[in-house]
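> Dropping a structure here in structure tokens format, bear with me for questions.
Quick note: the coordinates plus some simple rules give every number you see, no bench work behind them. Since the model is a prediction, treat every value here as computed from it, not as a measurement. Heads up, the Cβs are rebuilt from the backbone with ideal geometry, glycines too, and the neighbour counts pull from every protein chain shown.
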Amino acid sequence: MPWSSRWKVDIPTKTLPSYVFDTPTADLAKTPLLLDPDHADTHWLSHDTFRLWSQRFAAGLRSAGLQPGDRVLLYSGNTLFFPVVFMGVIMAGGVFTGANPGFVARELAYQLTDSGAKFLITAEASLETALQAVDSVGFSRDGVFLFDDGFATFNGKGVGKEGVRHWSHLIAGPEQGRKFAWNQSTSPEDLNQTICLNYSSGECADLARGTMQQYGVAGADVQRNHRCTQGGHDYASKLCVQLRTGHLQWAVTARL
């Protein structure tokens with residue numbers, strides 16, 4: 001006999017970018033949303049600029065040859081632009097996979113090959129390990145890009161190192177970004193599209209621990225937001241967005 005939950009909430013039939021940003025041109029808040037903890041007064045992204053940076057990265061990935069379903073691997077700790085990479089890959093139709101920044105070359109090499117990554121974006125501090133990994137499996141260095149702590153990207157001063165290009169080479173200009181429109185289809189095929197491959201949640205494993213789908217992520221977040229409104233707490237004026245990407249877990253609280 002089936003049992004029905006006493007809690008019910010409507011799940012929007014939207015892809016994740018549409019759930020977070022509504023449309024590519026919707027009017028969004030321009031107040032601080034994502035902040036660098038060490039330079040919160042100057043280095044932050046609003047809901048509007050978070051979308052624009054993500055669109056610019058998505059447009060750049062497409063120009064660099066990313067095809068629907070292609071994997072992009074980010075090997076880095078949390079920075080201001082980590083969410084931009086995550087969302088930009090999804091907007092471009094790709095699949096994000098994040099590697100634990102504590103991985104050694106052998107572990108990173110395995111994830112590179114197992115995930116079938118087309119691009120590797122690595123933190124500068126992990127560049128030596130990343131190059132050891134790509135060379136060990138014959139991954140072209142042309143597909144490797146250098147990630148910074150967010151300051152160089154934010155200030156437009158990103159530079160490459162040891163022949164590896166800075167990831168800003170994958171970021172289109174603002175005007176091209178504003179014109180970029182992600183797939184807003186609500187067909188079952190598109191809503192069930194895989195958007196993320198998780199390999200680590202604090203411990204190492206040889207196989208991807210799970211996948212994330214467009215509709216599933218949005219649905220899980222709606223349920224968490226619904227809980228925020230329960231129990232007499234005054235959360236009704238806030239939107240809680242929590243995206244889990246393997247070892248990364250970041251939360252955004254934005255006033256509507």
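> At a 10 angstrom cut-off on C-beta neighbours, averaged per residue, how do the peptides 142-152, 156-166 rank from highest to lowest? Before the final figure, lay out the partial values.
Numbers: 142-152: 20.2, 156-166: 13.9.
For the peptides 142-152, 156-166, the packing ranking is 142-152, 156-166.
> Listed highest first by mean packing, meaning other Cβ atoms within 10 Å per residue, what order do 90-98, 189-197 come in?
Values: 90-98: 25.0, 189-197: 17.6.
For the peptides 90-98, 189-197, the packing ranking is 90-98, 189-197.
> If you don't mind, there's one more thing I want to ask. Could you go through segment 51-64 in sequence order and give the Karplus-derived ³J(HN,Hα) for each residue, using 6.51 cos²θ - 1.76 cosθ + 1.60 with θ = phi - 60°, rounded to whole Hz, and x for Gly and Pro?
Once rounded to whole Hz, the list reads 4, 5, 4, 5, 5, 4, 5, 4, 4, x, 5, 4, 5, 7.
> What percent of all Cα-Cα pairs in segment 44-213 falls into each 10 Å bin, going from 0 up to the bin containing the maximum distance?
Going from the shortest bin to the longest, the percentages are 10, 41, 37, 12, 0.
> A follow-up question, please. When only C-alpha pairs under 8 Å and at least 6 residues apart count, what is the relative contact order of segment 44-213, in percent? Kindly include the intermediate steps, with their values, before the conclusion.
On the way: 279 pairs, mean separation 46.0, N = 170.
Relative contact order, segment 44-213: 27 percent.
> Quick one: Cα centre-to-centre distance for segment 1-17 and segment 140-161, in angstrom?
Centre-to-centre (Cα) distance: 41 Å.
> Any lysines with Cα under 21 Å of the Lys161 Cα? List them, leaving off those in the same chain fewer than 8 positions away.
Within the straight-line limit of under 21 Å, Lys161 reaches these lysines: Lys118.
> What does the highest-first list of 13-22, 33-42 look like by mean Cβ count within 10 Å? Walk me through the intermediate numbers first.
Numbers: 13-22: 20.9, 33-42: 13.1.
Final packing ranking: 13-22, 33-42.
> While we're on this one: Which percent, to the nearest 5, of DSSP beta bridges fully inside segment 44-213 are antiparallel? Numbers along the way, then the final one.
On the way: 5 of 24 bridges.
Bridges in segment 44-213 are about 20 percent antiparallel.
> If you don't mind, another one. Would you mind ranking Ile11, Ile171 so that the residue whose beta carbon has the fewest other beta carbons within 10 Å leads the list? Don't jump to the answer; show the numbers that get you there.
Working: Ile11 14, Ile171 23.
Exposure proxy ranking, most exposed first: Ile11, Ile171.
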